[in-house]
């Protein structure tokens, strides 16, 4: 069974790169929720680590943008499992931001990496519903972890996560007024829509990913693989 936990986070009102230093275990899959205020078209946020880690931003780039504070939010997944249990620096290289940061999560029990580790994802921009709700294209599978992020125009975010989810991040900064919330659940969820227990942003963007705990296919080339209860074309 896959289990999600937090390695660390850094979010603040200064522009530029942000880092988290932590020690993952061998074969952890790293998933990073990262974002910024002051976003404009062409601005970027790229995740790396000093164990030669390369990451894939899942879905559109960025997954969610817009809102009065021009906030942007992404989820990036490491393209390989962690090779060594050593102190590691995880870096968000940000271009064009006025503030932001990253929340670094580790997932044990995964064999898939990069884009293959995401069964489905969803980004929603310039939302005003209260309470916050993110709706995936399809119902999630009970064995799969889910990671959610929300950025908006209030500081701190002051959101209550959906039922059974664990909150890792609920903070914000002042220039411009921006709040960030990150939460996760390791398993047990079979809905498409995830509604936060409390709180609402004036204007907000949301992003979420359902991870795929099915075994990664072996070998090279196209093949049909069972991902959860869905038959899909896989390419290694």
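Taken together, the values in this text are just the output of simple stated rules run on the coordinates, not laboratory data. Owing to the predicted nature of the structure, the values given are computational and were not obtained by experimental measurement. Quick reminder, even Gly has a Cβ in these numbers, built from the backbone with ideal geometry, and neighbours come from all protein chains shown.
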* Structure fact -> Footprinting proxy, 58, 77: sorted fewest to most Cβ within 10 Å, the residues are 58, 77
* Tail fraction, Cα-Cα pairs, segment 68-148, threshold 15 Å, whole percent -> 70
* To do: Please work out the Cα convex hull volume for segment 86-209 and give it in Å³ per residue.
  => 124
* Expressed as a whole number of Å, what is the distance separating the alpha-carbon centroids of segment 171-201 and segment 116-150? -> 10
* Any chance you could list P(r) for the chain, counting all Cα-Cα pairs in 10 angstrom bins from zero, rounded to whole %? => 8, 35, 37, 17, 2
* Structure fact -> Contact order relative to length for the chain, counting C-alpha pairs under 8 Å separated by 6 or more residues, stands in percent at 25
* Asked: Residues in segment 1-37 near a label at residue 86, defined as backbone nitrogen under 19 Å from the 7 Å Cα→Cβ point?
  -> 20-30
* To do: Go ahead and run the numbers for FRET between residue 19 and residue 130, Cβ-Cβ distance against an R0 of 41 Å, rounding to 0.05.
  => 0.75
* Structure fact -> By Cβ neighbour count within 10 Å, fewest first, 150, 183 rank 183, 150
* Compute the FRET efficiency between residue 5 and residue 218 as 1/(1 + (r/R0)^6), taking r as their Cβ-Cβ distance and R0 = 30 Å, and round to the nearest 0.05. => 0.60
